[in-house]
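Shown next, in structure tokens, is the structure this report addresses.
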Amino acid sequence: MLHDRVLVSLEREGGDRRSGGGILIPATASVGKRLSWAEVVAAGPAVRQVQVGDSVLFDPEERSEVELHGKDYVLLRERDLHAVAARRVEDEGTGLYL
């Protein structure tokens, strides 16, 4: 990885999902802009806020897809990440930081 690039593996969701109240939302339902979670699998030397293994939140519309060894990944810049969920954050915190 070069510069501030981050390679992530998407957490594939099934087509249908459930709301907080248990209502089934079909994959074909029209929804607003929705951010996606992914796991960091590689990071460039200039990346400062994320490490391999962190979960990151990003806009799926602003991405570059790449295939390596038959598996699909997404290549992002660190500045395109909206949030990070990391296990290294203290217990009293939320585990999310910007």
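What pairs come up if the first residue lies in region 18-41 and is under 28 Å from Gly53 (Cβ atoms), the second is β-branched (Val, Ile, Thr) and at pLDDT below 75, and their beta carbons are under 9 Å apart, counting only those six or more places apart or on different chains? Matching pairs, first to second residue: Arg18/Ile25.
The numbered conditions (1) closer than 19 Å to Met1 by Cα; (2) open to solvent by less than 90 Å² (accessible area, probe 1.4 Å); (3) modelled with pLDDT of 80 or more are all true for Arg63 except (3). Against the list (1) open to solvent by 70 Å² or more (accessible area, probe 1.4 Å); (2) more than 15 Å from the chain's Cα centre (by Cα); (3) among the hydrophobic types (A, V, I, L, M, F, W, C), the condition Val52 fails is (2).
Within region 17-49, if we keep just the residues that are β-branched (Val, Ile, Thr) and modelled with pLDDT of 75 or more, the residue that is surrounded by the most Cβ atoms within 10 Å (Cβ to Cβ) turns out to be Val40.
Looking only at region 74-88, residues that are surrounded by 13 or more Cβ atoms within 10 Å (Cβ to Cβ) and farther than 15 Å from Leu2 by Cβ come to 7 in all.
The values are calculated or read from the model by the stated rules, or taken from the named source; none is laboratory data. Given the structure is predicted, the values throughout are model-derived calculations rather than measurements. Reconstructed Cβ throughout: ideal geometry from the backbone, glycine too, with neighbour counts over all protein chains shown. We work out accessible area using only protein heavy atoms, side chains counted, and drop any ligands, DNA or RNA first. Shrake-Rupley method; radii C 1.70, N 1.55, O 1.52, S 1.80 Å.
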